[in-house]
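Student: Quick one: structure below, then a few questions.
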There are 2 protein chains.
Amino acid sequence: MQNQQVLTKNQKIVLDIIEKSSQPLKAYSILFDVKKRGINAPLQVYRALDKLVEIGKIHKIESRNSFIACKNSKCQITKATVFSICENCEDVKEIHDHKLSEHLKHYKDNKGMKYSKYNLEFFGLCKRCIKN
Amino acid sequence: MQNQQVLTKNQKIVLDIIEKSSQPLKAYSILFDVKKRGINAPLQVYRALDKLVEIGKIHKIESRNSFIACKNSKCQITKATVFSICENCEDVKEIHDHKLSEHLKHYKDNKGMKYSKYNLEFFGLCKRCIKN
DNA sequence: TAATTTTTGTTATAATATAACACTATGTAA
DNA sequence: TTACATAGTGTTATATTATAACAAAAATTA
Ligand SMILES: [Zn+2]
Ligand SMILES: [Zn+2]
Ligand SMILES: [Zn+2]
Ligand SMILES: [Zn+2]
């Protein structure tokens, strides 16, 4: 039931802001946006973010310290994420590639480690930025 | 010649500390360690770190905001990195897996993006931590 | 030499994230 | 219902990570 969880007021407010954005948002930019809705302190935002990441509603883009909504219900179970990031315009998209996911999910190293999660970030130039 | 570059004094000091550590180090912990060697300010450390990352001598572990020395000369060209991170003891190892690297290097999405770089972080439990 | 670029040292500050504590709401079990 | 446990809230303060701005020194180049 983890991914059908009832969200609290603050969690809903923060998720709402992130879902309405096409691009990843930073914690303090979210804080700025939600001040008119009664959230006043960083910690209130970070707590909501932590929970939303935990239940898979959003993902953290580690290299950018920012947060993006997940549109794929499968992520909420797998905690396996792949992103494409344009280094020029900072456009970020989540990649859902079944073959790639399977490959990574089943990856085994020779050190006897047991993996439960992965995060892959591709960097480059998006179509639009290549042209310019 | 990028990866045979002559390092400056500060860059050498910082690289030396990181290479002597088996585990990733954080910028301010590096700063603490190098104070006896004449480096006094965060910026001096961050500047050295930036350069060392740029030339591939070290990598940043994005999810941990820490830095680890690279032992594989190939990384210095490819900017393609894979890490395994134990979520219990925080042990980090760089993974060099030719097949995986090739797979990722040649990955193409359907959005027309041109990738020049990637970073993959696997999370789980290391052999030792599984037993305990 | 002079001009240019890179690195340095320094102070200050920005941006990102968590600790600690008292309190409130919600769920679960006598 | 009461008691207890769990999770979330609001708040203040603080820790951690990272960069801006500027003047001076060193290294590179022409
Ligand atoms: Zn997702
Ligand atoms: Zn772009
Ligand atoms: Zn490497
Ligand atoms: Zn471990």
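The values are calculated or read from the model by the stated rules, or taken from the named source; none is laboratory data. Because the structure is predicted, anything quoted here is derived from the model rather than measured. All Cβ positions, glycine included, derive from the backbone under ideal geometry; neighbour counts span all protein chains shown.
Student: Can you find a residue in the range A:106-117 that is more than 23 Å from residue B:82 (Cα to Cα) and among the aromatic types (Phe, Trp, Tyr)?
Tutor: Among the residues of the range A:106-117, not one is more than 23 Å from residue B:82 (Cα to Cα) and among the aromatic types (Phe, Trp, Tyr), which makes the answer no.
Student: Taking the condition of being in a helix (DSSP H, G or I), in contact with a Ser or Thr (Cβ under 9 Å, 6 or more places away or on another chain) and under 16 Å from residue A:121 (Cβ atoms), how many residues in the range A:64-89 meet it?
Tutor: Residues that pass the stated criteria total 1.
Student: Filter the range B:87-106 for residues that are within 23 Å of residue A:128 (Cα to Cα) and surrounded by 19 or more Cβ atoms within 10 Å (Cβ to Cβ) and give the result.
Tutor: Scanning the range B:87-106 gives a single hit, B:104.
Student: May I pose another question? Considering only the range A:119-129, state which residues are without any contact (Cβ under 8 Å) to a residue 12 or more places away in the chain and more than 7 Å from every other protein chain (Cβ to nearest Cβ).
Tutor: none
Student: What residue, among those in the range B:39-85 that are under 17 Å from residue A:109 (Cβ atoms) and touching a Pro at 6+ places or on another chain (Cβ under 6 Å), is farthest from the other protein chains (Cβ to nearest Cβ)?
Tutor: B:68
Student: So, residue A:92, is that one among the hydrophobic types (A, V, I, L, M, F, W, C) and under 29 Å from residue B:94 (Cβ atoms) or not? Outline the logic, then answer.
Tutor: On the way: among the hydrophobic types (A, V, I, L, M, F, W, C): yes; under 29 Å from residue B:94 (Cβ atoms): yes.
The answer is yes for residue A:92.
Student: Could you figure out which of (1) within 14 Å of chain B (Cβ to nearest Cβ); (2) surrounded by fewer than 16 Cβ atoms within 10 Å (Cβ to Cβ) isn't true of residue A:36?
Tutor: Result: residue A:36 passes all but (1).
Student: Could you say which residue among A:60, A:51 is part of a strand (DSSP E or B), within 15 Å of DNA strand D (Cβ to nearest atom) and in the same structural domain as residue A:28 (by TED's automatic domain parsing)?
Tutor: Answer to the selection: A:60.
Student: For residue A:88, work out the one condition from (1) touching a Leu at 6+ places or on another chain (Cβ under 7 Å); (2) among the polar types (S, T, N, Q); (3) within 8 Å of chain B (Cβ to nearest Cβ) it doesn't fulfil.
Tutor: (3)
Student: Looking at B:98, B:103, which one is within 7 Å of chain A (Cβ to nearest Cβ), farther than 21 Å from residue B:19 by Cα and of a type outside the set (Val, Ile, Thr)?
Tutor: Residue meeting the stated conditions: B:103.
Student: Which one of A:97, A:109 is more than 16 Å from DNA strand C (Cβ to nearest atom), without any contact (Cβ under 8 Å) to a residue 24 or more places away in the chain, farther than 18 Å from residue B:107 by Cβ and over 13 Å from the mean Cα position of the chain (by Cα)? Let's see the steps before the verdict.
Tutor: Details: A:97 fails: farther than 18 Å from residue B:107 by Cβ.
None of the others qualify; the one that does is A:109.
Student: Still on this structure, I have one more. Kindly evaluate residue B:84 against the criterion of being without any contact (Cβ under 8 Å) to a residue 24 or more places away in the chain, surrounded by 15 or more Cβ atoms within 10 Å (Cβ to Cβ), of a type in the set (S, T, N, Q) and away from DNA strand D (no atom under 16 Å from the Cβ).
Tutor: No.
Student: Only one of (1) loosely packed, with under 15 Cβ neighbours inside 10 Å; (2) at the interface with chain A (Cβ under 7 Å from one of its Cβ atoms); (3) closer than 21 Å to residue A:112 by Cβ fails for residue B:116. Which number is that?
Tutor: All conditions are met except number (3).
Student: Would it be correct to say that residue B:55 is in contact (Cβ under 8 Å) with a residue 60 or more places away in the chain and within 15 Å of DNA strand C (Cβ to nearest atom)?
Tutor: Numbers: in contact (Cβ under 8 Å) with a residue 60 or more places away in the chain: no; within 15 Å of DNA strand C (Cβ to nearest atom): yes.
Considered against the rule, which asks whether it is in contact (Cβ under 8 Å) with a residue 60 or more places away in the chain and within 15 Å of DNA strand C (Cβ to nearest atom), residue B:55 comes out as no.
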